[in-house]
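Asker: Please see the structure below; I have some questions.
No lab work stands behind these numbers, since they all come straight from the coordinates. The shown structure was predicted, so the numbers you read here are calculated from the model rather than taken from an experiment. Note that we place each Cβ from the backbone using ideal geometry, even for glycine, and neighbour counts take in every protein chain shown.
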């Protein structure tokens, strides 16, 4: 089956940039206009800033599939897959066969527009960071579904989240592909149900495309691994249970945002009717270190504790700069809300992580090179992305009203960002992944899972 999938992937055309929101929406509207007997378009809701959120429906098969582009606005690979699939599904009855396809090109248009500055390249760590925006969990579509568990409750879904809830109820999907991607590292997956027969294909497809699997530490300490680089779909239950074990005084206070899309579907439909849900995390930038399982001199505990030290140093530097500009930079902008929430959540998470490093099983065994690179350098890069949003907020403030105090804080921040990025670049070799390869890998994962579901 993998050979057939690899043949299908050759149909993906070369891309030299990511499409913006207007281009994505125009593509689905054009398909509905040109093929009214096959395709229909409807708005499932509006964004926080009032933009319509369209969903294209193609085909009339008995099984329903729902694809969601840009569930995080800094993750446009899936939007490119949706754009590709629009043409494929229109032209190929064999691909539509047995399914009705529901395609949401961009569930978060407001946030996606704030990332369009890097969509055309150059594709470097520094340019990506300079134009990066990602809302923190309280303002993310994927993590603001209404949900209750133990002492945790979230009852404030975003307008975009309510639109996706409506799409779930209208389409009753058997397969849901939430089109995420990572930034730096390797390929890994989340599935809502075990699919042991499909793991070999999920490993083989990226390797055939020249991509490396992410074999370091999982992005969440509470992740449940089903196979190398294949994890159980994220749930707020897992996060709560982790914090309840390692920070039992207030586990709910350490969770940012609400339930995941899977949490919501399980709560309203029950486990017996839950769909197969897939996430394929694909990196813009990849490094051989992320797949290196060679043991290193440090234990897993030592690597994690050193990572905590590095994180604390970064948070202290950023908190100091934020304090300098407090009262001058407007706190209630998207960029400042995201940055400030990141700081607050990271501080809360460190004590749980410290106890986890000391108490969890297996921490005394040698770490791998991949685990060390993940903890010390890939983690640093992701924190730089969050810090860069403070830089964007400072630049916007100076553009409106020049201020020597803000300019001084901006210069200090630029110095820190340059130091941190130079550290990453000095220790982790990386290469840029082509957009075509990324779309191929995401498409291949979908075909593999659908094939095994059949």
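Asker: As I understand it, the value is the acute angle between the Cα axis of helix 334-359 and the longest principal axis of the Cα atoms of the chain; what does it come to in degrees, rounded to 10?
Answerer: Between helix and principal axis, roughly 80 degrees.
Asker: Taking a ≥ b ≥ c as the square roots of the eigenvalues of the Cα gyration tensor of the range 70-153, is the shape rounded (a/c under 1.5), prolate (a/b larger than b/c) or oblate?
Answerer: Because a/c hits 1.5 or more and a/b fails to exceed b/c, the range 70-153 counts as oblate.
Asker: Give me the compactness ratio for the chain, meaning the Cα radius of gyration over 2.2 N^0.38 Å.
Answerer: 0.96
Asker: Using only the alpha-carbon atoms, how far is helix 435-453 inclined from the longest principal axis of the chain? Give it as 0 to 90 degrees, nearest 10.
Answerer: 60 degrees
Asker: For each of 388, 434, count neighbouring Cβ atoms within 10 Å of the residue's Cβ, then give the residues from fewest to most.
Answerer: 434, 388
Asker: Something else now. Hey, what number do you get for the chain at 222 nm if only DSSP H runs of n ≥ 4 count, each worth -39500 (n - 2.57), divided across all residues, to the nearest 500?
Answerer: Rounded to the nearest 500, it is -15500 deg cm²/dmol.
Asker: Please rank 419, 144, 397, 155, fewest neighbouring Cβ atoms within 10 Å first, as an exposure proxy.
Answerer: Fewest-to-most Cβ neighbours within 10 Å comes out as 155, 419, 397, 144.
Asker: Tell me the angle of helix 159-171 to the major Cα principal axis of the chain, expressed in degrees between 0 and 90 and rounded to the nearest ten.
Answerer: Compared with the principal axis, the helix lies near 30 degrees.
Asker: If you take the beta carbon distance between residue 365 and residue 425 as r and set R0 to 41 Å, what does 1/(1 + (r/R0)^6) give as a FRET efficiency, to the nearest 0.05?
Answerer: My answer for the efficiency is 0.90.
Asker: Give me 217, 353, 193 sorted ascending by neighbouring Cβ count inside 10 Å, so fewest comes first.
Answerer: 193, 353, 217
Asker: Right, next: Report, as a whole number in µm² per second, the diffusion coefficient that Stokes-Einstein gives for the range 292-429 at 10 °C and 1.306 mPa s using the Kirkwood radius over alpha carbon pairs.
Answerer: 98 µm²/s
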